[in-house]
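Notes to accompany the following structure.
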Amino acid sequence: MLATRAADGDIAAFQLLVERHREVVYRVARRFVGAAEAEDVSQDAFLRAFHRLRGFRHEAPFHSWLLRITHNAALDHLARRRAEPVDPVGIDAEQPADSPLTPATRLEVRERIERLERKLQALTVAHRTVLVLRDVEQLSYQEIAQVTDWPVGSVKGRLHRARREFIALLRANTYDWELPG
C-alpha cells in the first residue's frame, strides 16, 4: 500500500500519492478559496499529509483522509483571508479543439459557470463544503462525515439545507437560469 510505504519514508510512494490525488485536491481547494489561492492550499494540504502520514490509521480510505486535510487547510486559509470569487480556470481548455460548440456557445457556458461559482461562494462554508463534496466530488455521506468530522445525520441535514439555499440563490436570477418559479 502506497500510504504505508510513504509513511515509512518512501518518497517515491508519496510522489505517486500526490500524482494520483492532485486533481481532486486542487478541485476541492479551488471550490473553497478560488483559483488564485487553490494551488497554495493544495500544496499546504499535501505538506500536512506528508507530515501526518504516520498518523494515518487506515480506518478510512486514503482519499477521504486526504480530503479531510484539504478541507481543514482550506478552512484555515479562509480564516486567515477572505475568499474571492472562484475563477473557472481552464473552461476553454476542457473543450476539445474539434468540439461542436461554437465560440458563442462556449462563452455562454463560461458565463453560466462563473455565475454558478459566484452563487456557490455566497453559501456558508459548511453548506459549500457539503455541496462540493457530495454533488461535485460525489463522495458518499459516510466519506463526507469522515472528511468533515460531522455525524452522518448532520451531513444529510446540511446537504438538504445547502441544496435548498443554493436553489433559492439561483432562483433570485431566474432570467439567467430558466428555472421554474
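Checking each residue in region 93-110 for being touching a helix residue (DSSP H, G or I) at 6+ places or on another chain (Cβ under 9 Å) and either at pLDDT 80 or above or loosely packed, with under 14 Cβ neighbours inside 10 Å (or both) picks out 99, 101.
No other residue among 139, 120 is in contact with a helix residue (DSSP H, G or I) (Cβ under 8 Å, 6 or more places away or on another chain), surrounded by 18 or more Cβ atoms within 10 Å (Cβ to Cβ), touching a residue at least 24 places away in the same chain (Cβ under 8 Å) and not in a helix (DSSP H, G or I) apart from 139. With respect to the conditions (1) out of contact with any His (no Cβ under 6 Å at 6 or more places or on another chain); (2) closer than 18 Å to residue 78 by Cβ, residue 147 falls short on a single one, namely (1).
Against the conditions (1) modelled with pLDDT of 80 or more; (2) in contact with a helix residue (DSSP H, G or I) (Cβ under 9 Å, 6 or more places away or on another chain), residue 88 satisfies every one except (1). Identify the residue in region 1-49 that is within 28 Å of residue 121 (Cβ to Cβ) and of a type in the set (Phe, Trp, Tyr) and, among all such residues, is modelled with the lowest pLDDT. Among those that are within 28 Å of residue 121 (Cβ to Cβ) and of a type in the set (Phe, Trp, Tyr), it is 32. Restricting attention to region 10-49, which residues are without any contact (Cβ under 8 Å) to a residue 24 or more places away in the chain, crowded, with 17+ Cβ neighbours inside 10 Å and part of a loop (DSSP other than H, G, I, E, B)? None; the set is empty. Being within 16 Å of the chain's Cα centre (by Cα) and either closer than 27 Å to residue 58 by Cα or of a type in the set (Asp, Glu) (or both) holds for only one residue in 121, 138, 142, and it is 138.
Flag: residue 52 matches the condition of being over 21 Å from residue 120 (Cα atoms) and free of Cβ contacts under 8 Å to residues at least 24 places away in the same chain.
The values are calculated or read from the model by the stated rules, or taken from the named source; none is laboratory data. Here the structure is a predicted model, which means the values were calculated and not measured. In this analysis, Cβ positions are derived from the backbone assuming ideal geometry, glycine residues included, and neighbour counts consider all displayed protein chains.
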